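Engineer: Mind looking over this structure? Questions follow.
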Amino acid sequence: MLGGGLAGSTVLERKGAAMLARNFKPGFRIELHHKDLGIVTAAAREAGVVIPLGASVAQLVASLNAQGDGALDHSALLKLVEQLSGR
């Protein structure tokens, strides 16, 4: 469903096989996303702009980082989604 058309995902095209193989070798690390999302959410707060999806992603990334997965690639968000799903 996410493999093509308007719902297509470049991330899945590039990282899907590695995610299925549980290979979360860093490309762009979670800890760097955590830092950048902190900057984004602070800027949005300062500007009085609501970014609900950005805030949700920031929370997910912060959770992974807090669990010690900061050195993994951002595709490791799959681990957290599985954890939240009870898998």
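Engineer: Could you work out the relative contact order of the chain? I mean the mean sequence separation of Cα pairs under 8 Å and 6+ apart, divided by the number of residues, in percent. Kindly include the intermediate steps, with their values, before the conclusion.
Structural biologist: On the way: 70 pairs, mean separation 31.7, N = 87.
This gives 36 percent for the chain.
Engineer: For the chain, what is the accessible area per residue in Å², given a 1.4 Å probe and the full set of protein chains?
Structural biologist: On the way: 6030 Å² over 87 residues.
Normalised by residue count, the accessible surface of the chain is 69 Å².
Engineer: If I compute solvent accessible area with a 1.4 Å probe over the protein chains, what percent of it on the chain is carbon and sulfur?
Structural biologist: That fraction is 61 percent.
Engineer: Suppose we look only past 17 Å in the calculated P(r) of the chain. What percent of the Cα-Cα pairs does that tail hold? Kindly include the intermediate steps, with their values, before the conclusion.
Structural biologist: Details: 2047 of 3741 pairs.
Counting pairs separated by more than 17 Å, the tail of P(r) holds 55 percent.
Engineer: Compute the long axis of helix 30-47 from its Cα atoms, compare it with the longest principal axis of the Cα atoms of the chain, and write down the angle in degrees, 0 to 90, nearest 10.
Structural biologist: 30
Engineer: Set the Förster distance to 30 Å, then compute FRET efficiency between residue 31 and residue 9 from the Cβ-Cβ distance, nearest 0.05.
Structural biologist: 0.85
Engineer: Please list, in chain and number order, the residues 5+ apart from residue 51 or on another chain whose amide H is under 5 Å from its amide H, with Hs placed from the backbone.
Structural biologist: Hits under the 5 Å cutoff: none.
Engineer: Which net charge results when you count Lys and Arg as +1 and Asp and Glu as -1 among the other residues whose beta-carbon is under 13 Å from that of residue 81?
Structural biologist: Local net charge: 0.
The values are calculated or read from the model by the stated rules, or taken from the named source; none is laboratory data. Owing to the predicted nature of the structure, the values given are computational and were not obtained by experimental measurement. Cβ atoms come from the backbone with ideal geometry, glycine included; neighbour counts cover every protein chain shown. Surface areas here come from the heavy atoms of the whole protein model, side chains and all, with no ligands, DNA or RNA. Shrake-Rupley method; radii C 1.70, N 1.55, O 1.52, S 1.80 Å.
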